[in-house]
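What follows is one structure encoded as structure tokens, with my remarks underneath.
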There are 2 protein chains.
Amino acid sequence: MATKIAIQGIQGSFHHQVAQEYFGKEVAVDECLSFEELVSSLLSGESDQAVMAIENSIAGPIIPNYALIDKNNLHIIGEHYLDIQQNLMALKGQTIQDIEEVHSHPMALLQCMEFLKQYPHIKIVEDKDTAETARRIHEKQLKGIAAIASKVAAEMYDLEILAPEIQTINNNMTRFVIIDKKQSVLSTNEINRASIKFELDHKRGSLAAVLNVMSDCKLNLTKIQSLPKIETPWKYSFFVDVTFEKYEDYAKAKALIDIMAEYFKVLGEYKNAKP
Amino acid sequence: MATKIAIQGIQGSFHHQVAQEYFGKEVAVDECLSFEELVSSLLSGESDQAVMAIENSIAGPIIPNYALIDKNNLHIIGEHYLDIQQNLMALKGQTIQDIEEVHSHPMALLQCMEFLKQYPHIKIVEDKDTAETARRIHEKQLKGIAAIASKVAAEMYDLEILAPEIQTINNNMTRFVIIDKKQSVLSTNEINRASIKFELDHKRGSLAAVLNVMSDCKLNLTKIQSLPKIETPWKYSFFVDVTFEKYEDYAKAKALIDIMAEYFKVLGEYKNAKP
């Protein structure tokens with residue numbers, strides 16, 4: 001049976017685009033309406049792996065998704081970066097002059113406001129999903145209505161892109177992780193990145209001591225974040241991402257941190273993807 | 001003229017409760033419908049200071065609010081912790097058996113789902129704001145309808161609390177900061193906490209070196225977070241909170257970090273509040 005990948009949103013969503021870029025164009029997906037549903041799909045065996053947005057270069061980390069991975073003991077087995085690009089699309093044959101309304105998610109509309117200001121004749125209508133609007137235009141063959149969505153949505157729902165890359169701020173890069181119930185099957189010489197979590201006692205300098213160990217073991221820290229421990233307000237866990245050249249260096253750091261920290265857990269060991 | 005404090009939400013909101021606990025019961029407030037509006041109120045001089053939620057023990061840091069403080073060069077001059085408690089309230093004289101519908105913000109309803117399950121006769125209706133529902137019940141003298149909101153909302157809109165503290169998860173502690181256009185007027189021996197921001201080059205161990213300086217200068221790190229730099233994807237700034245006993249220790253660390261970091265900025269120096 002083919003591998004099935006859980007995505008957040010429907011086909012044509014940015015999660016679907018990531019699934020296609022990572023697993024190949026023909027990937028079979030399970031459309032999930034929330035991140036909780038995506039995790040359920042994975043846990044129940046409905047899907048084999050899942051694609052999950054984890055941080056964004058504008059909005060920062062998606063904290064609840066870290067908690068979902070941690071709480072359900074899921075493993076990060078890969079990562080993928082997507083430069084979020086919004087496109088104006090409509091039924092084939094329509095021109096921008098034919099468009100009377102544009103429908104999309106409020107966030108996507110906001111990202112494209114500068115572009116839309118050039119076309120005051122187009123009425124802006126908020127909708128709950130970017131890809132779903134594209135699907136509806138296709139299914140109901142709606143004329144005069146445009147969607148703002150991913151290029152995958154345009155292909156999927158046979159729409160024509162009237163204006164590509166219409167977002168105002170470029171560099172809206174989003175990092176997605178590939179998650180699984182099982183650990184990565186990569187060999188140690190393919191692995192050069194890890195996501196770890198640890199808790200420290202409140203002694204002064206305890207975080208500095210752990211970061212010194214990482215530095216001594218030649219790990220590059222690419223991300224650090226203290227997060228409150230639920231049910232123990234203002235006790236913090238640290239979520240840290242590191243990259244390294246040799247797995248042995250990382251293994252050594254891991255052994256040391258395991259001794260130094262009150263609690264230590266690996267969320268995933270995988271291959272670094274360049275943004 | 002009395003000091004006016006900008007709050008997010010209307011009177012009776014949790015921000016209003018914080019303003020009352022911090023500035024006193026009779027505080028004059030400017031009701032702002034978003035955090036952007038709250039910052040505008042401060043910048044325009046409409047209000048003198050503002051109360052802003054900054055992190056929550058369940059959901060973590062409110063990233064866009066850090067960006068708002070940073071971008072607008074505002075100063076954190078104080079902090080306040082509030083244990084978020086939801087209460088079921090209705091017009092005076094009503095009992096829980098009289099209630100046919102409960103209206104509130106989806107998040108507040110979710111937090112109280114276990115309680116609401118005990119009363120299957122009550123219909124759950126989503127609304128856009130917790131305090132606004134309380135105000136509407138009062139203004140229109142709506143019978144049979146209850147709101148879920150703060151105890152301040154109950155007092156404000158003359159409602160009776162039918163069931164106090166009905167949230168499922170306790171310890172939903174939220175940290176609020178008091179922000180101003182000007183720095184704190186506290187003397188250095190009253191100040192024992194600071195929020196700082198810095199950027200480091202990508203050299204291995206540079207963060208560990210800064211944390212070592214902090215530890216050597218007897219600063220306790222209470223929070224650390226790397227955040228992407230907008231317009232420069234995957235270059236990170238660090239937002240750090242520290243506490244200390246002597247301002248001189250902190251001043252020494254500040255001078256050293258200013259030399260070590262590519263960029264260094266103080267977001268605020270203030271007095272630590274215990275959660």
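Numerical summary
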| item | result |
| --- | --- |
| Residue in segment A:256-263 that is more than 14 Å from chain B (Cβ to nearest Cβ) and free of Cβ contacts under 8 Å to residues at least 12 places away in the same chain present | yes |
| Members of segment B:17-29 found to be more than 20 Å from residue B:174 (Cβ to Cβ) and surrounded by 13 or more Cβ atoms within 10 Å (Cβ to Cβ), listed by number | B:28 |
| Long-range neighbours under 6 Å by Cβ, at least six apart or interchain, first residue of a type in the set (Phe, Trp, Tyr) within segment B:1-16, second not in a helix (DSSP H, G or I) | B:14/B:150 |
| Test: residue in segment A:195-216 that is touching a Lys or Arg at 6+ places or on another chain (Cβ under 6 Å), more than 26 Å from residue A:6 (Cβ to Cβ) and either among the hydrophobic types (A, V, I, L, M, F, W, C) or crowded, with 16+ Cβ neighbours inside 10 Å (or both) | yes |
| Residues of segment A:231-268 classified as under 28 Å from residue B:55 (Cα atoms), in a helix (DSSP H, G or I) and modelled with pLDDT of 95 or more, total | 1 |
| In segment B:80-97, the residues that are modelled with pLDDT of 95 or more and charged (D, E, K, R) | B:92 |
| Members of segment B:209-230 found to be outside any loop (DSSP other than H, G, I, E, B) and more than 27 Å from residue A:174 (Cα to Cα), listed by number | B:209, B:210, B:211, B:212, B:213, B:214, B:215, B:216, B:220, B:221, B:222 |
| Among (1) closer than 30 Å to residue A:55 by Cα; (2) more than 14 Å from the chain's Cα centre (by Cα), the one test that residue B:41 misses | (1) |
| Tabulated pairs, segment A:55-79, first facing chain B (nearest Cβ under 10 Å) and modelled with pLDDT under 95, second surrounded by 19 or more Cβ atoms within 10 Å (Cβ to Cβ) and outside any strand (DSSP E or B), C-beta under 6 angstrom, 6+ apart or interchain | A:58/A:172; A:60/B:63 |
| Residue under evaluation residue B:205, criteria (1) within 27 Å of the chain's Cα centre (by Cα); (2) within 26 Å of residue A:201 (Cβ to Cβ); (3) at pLDDT below 90, criterion not met | (1) |
| Residues satisfying the stated conditions in segment A:169-189, i.e. surrounded by 13 or more Cβ atoms within 10 Å (Cβ to Cβ) and of a type in the set (A, V, I, L, M, F, W, C) | A:173, A:176, A:177, A:178, A:179, A:186 |
| Residues located in segment B:153-193, provided they are on the phi > 0 side of the Ramachandran plot and within 14 Å of chain A (Cβ to nearest Cβ) | B:171 |
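The values are calculated or read from the model by the stated rules, or taken from the named source; none is laboratory data. The structure displayed is predicted, hence computed values, not measured ones. Cβ coordinates were reconstructed from backbone atoms using ideal geometry, including for glycine residues, and neighbour counts include every protein chain displayed.
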